[in-house]
1. Listing 354, 465 from the residue with the fewest other Cβ atoms within 10 Å to the one with the most, what is the order?
2. Based on alpha-carbon atoms only, what is the radius of gyration of the stretch 191-239 relative to the globular estimate 2.2 N^0.38 Å?
3. Which of 432/467; 84/200; 87/197; 139/204; 87/278 have a Cα-Cα distance over 19 Å?
4. With no solvent and one point on each alpha carbon, what is the Debye value of log10 I(q)/I(0) for the stretch 53-151 at q = 0.22 Å⁻¹?
5. For a distance above 17 Å, tell me the whole-number percent of Cα pairs in the stretch 299-387 that qualify.
6. Give, as ranges by residue number, the residues of the stretch 431-449 whose backbone N falls under 18 Å from the point 7 Å along Cα→Cβ of residue 422.
7. Cα extents of the stretch 337-440 along the three principal axes, largest first, in whole Å?
8. About the Cα centre of the chain, what is the dipole size in debye to 20, counting +1 per Lys and Arg Cβ and -1 per Asp and Glu Cβ, all else neutral?
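Each value in this text was obtained by applying a stated rule to the coordinates, not by laboratory testing. Here the structure is a predicted model, which is why all the values come from computation and not from measurement. No Cβ is skipped: glycine too gets one built from the backbone with ideal geometry, and neighbour counts run over all protein chains shown.
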Amino acid sequence: MAIKLYNTYTREKEEFYPLNPPTVTMYNCGPTVYDYAHIGNLRGYVNADLLRRLLEHNGYEVKQVINITDVGHLVDDGDEGEDKIEKGAKREKKSVEEIIEHYTQAFLDDLQSLNIDTSNVYKYPRATDHISEQIELIKTLEEKGYTYTTSDGVYFDTAKYEDYGKLSNLDVEGLKEGIRVEANPEKRNSTDFALWKFSKPEEKREQEWDSPWGIGFPGWHIECSAMAMKYLGETLDIHTGGIDHIPVHHTNEIAQSVCATGRPFSRFWLHHEFVNVKEGKMAKSEGNFIRLKTLRDRGYEPLHYRYLLLQAHYRSIINFSFEALEASAKALSRLVHFYAELKEVERDTPKSQSNNYEEEFFASLEDDINSAEALAVVWKLIKDETIPRGEKKYELELFDSILGLGLSKLSREIYNVPPEIEELARERQKAKEAKNYELADELRDKITSRGFVVRDTKDGYEIESAKFSS
Ligand code: AMP
Ligand code: ZN
C-alpha cells in the first residue's frame, strides 16, 4: 500500500511517491542554535524520524537534511529586530562560534536521546557555511527581476510571484491594503521579505560578509532554499516544519525557490502541530520553557517523551503536562516489562489465523503517520491471548523498529544492575532476616537514591532500574 501524507500545499491527503525512486529527499527545517531546544521544537524531528523509518521499511532510501540556522533568524521571525544568534552570544557573554557550537551539540544530543538515528542523517548544513550559495541564489533572483534594494537590504518582491501565499491561503490582497502596520515604509508590499540585510552602520555584528550589494548577512528564508537545493536538488520530495512556518518561512522559501529555478520546490509539505503547556506557549520569559533536561531533572527519560509524542497524531495539538508524561512513562514501562518477559521465548513469524496486527499497524502509519493508532495496535497485540508468545515477540520487534522506542535495549537495561547495588541488596536481605528493619530501610533508601528499585518477592527479592520500573 502506498503511504498517504497530508500535504499542506494541496490541503489533501495524497499518495506519496518520490520523484526519483528509490531515493526520497527530505528536508527538515532545523533549529536556530541560540538556545536549547524545548520539547516542542523536538516534536518535528521525532515525527520525521518516524516517517523515515516507515519509508525505509517500504523500500525507500531516505536522503535527509536537517539544517542548522546559525545566522539571519531575527527575533521577530521577520525582517526587523536583533539576530537571535548575536543576541544569544551577548546574553551569555560568549562568541557567536561558542554559542553555535554549544547549542548545535546540545541539539544533536537531544535527538540521540530520543532514539533518532542521527548518524543516518545525510547532512546538518550550517547557514554560515553556505553564504556563497545564498549570494548566488539572490543573484539569480536579481537577474530575473524579482528583487529590489532599500536602504536596509535586498528584498524579494512578492507581487511578482503570482502564486505567492498559496501554501497558507494568505490573503495577499488584504495584506497589501495595509492590514498590518508596516514597520518598513520602503517595502513595496507588506509580504516582501529580506534576502540580504545590510549591517547597520552603528552596530558591530560578529557575523557579516561582503556581497555584491554591500556588507551584511543573509535572510533566514534564503538559507533553507539554498541548502535544501544544494544537497537535495531543485525539487525535493518532502519538506517539514512546525505549523508556525506555514505563513512566512515556508511561504517565502517557496516563492524564492520557484522563482529562481522555474520548478516546484517541494512536492510535499508536512507540518506538525505545537506542543503547548498549561500556560499556553512555551517561552523562556514565562518560565515554562521545558527541555529534555527539565524532564530528566524530574526523574523522566527522554524516551518517555517519545512515547508521549507517539500517542498523538502529529497534526493534533499536544497539551503537555507532567501528569500526561507520568502516564506515558508508566505505559512505556509496562511495554518494556512485557517485552523483557519474552526474553527466553523463541521468536516466530506470524502463523495464527487471527493475526492481522501487522497489516493494521502499517495501515495506521501509512495513513498520514497515525502513530496514535499504531500504538493502540501494539497494545491490542499484547493483550490478545490467542497469539503465541513467539509471534508477539516477532511483531513487537518489527513494530518497534518503526516506533523507535528501543524495547530490546531498554529491556536489557532494566535488569542491568551494577555489582555494588547487588551487594547493597544482599546486605538489606540479611538485615531483614536479622529483623534489623531500620538498617534494611536505610539500605533500601541507598538503593533508591542510586536509581534502582528493590522489591520483595516470594522467593526473596528482585532489583531493577527505576527508570522503567513497573
Ligand atoms: P526554531 O528553532 O525556532 O527555528 O524552531 C525549530 C522548530 O520547532 C520549527 O520547526 C518550529 O516550527 C518548531 N516549533 C517551535 N515551537 C514549537 C512548539 N511549541 N511545538 C512544536 N513545534 C514547535
Ligand atoms: Zn527553514
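1. 354, 465
2. Dividing the Cα radius of gyration by 2.2 N^0.38 Å gives 1.41.
3. Result: 432/467; 139/204; 87/278 exceed 19 Å.
4. -1.19
5. The share of Cα pairs beyond 17 Å in the stretch 299-387 comes to 57 percent.
6. Answer for the stretch 431-449: 447-448.
7. So the three principal-axis extents are 59, 28, 20 Å.
8. With Lys and Arg at +1 and Asp and Glu at -1, about 900 debye.
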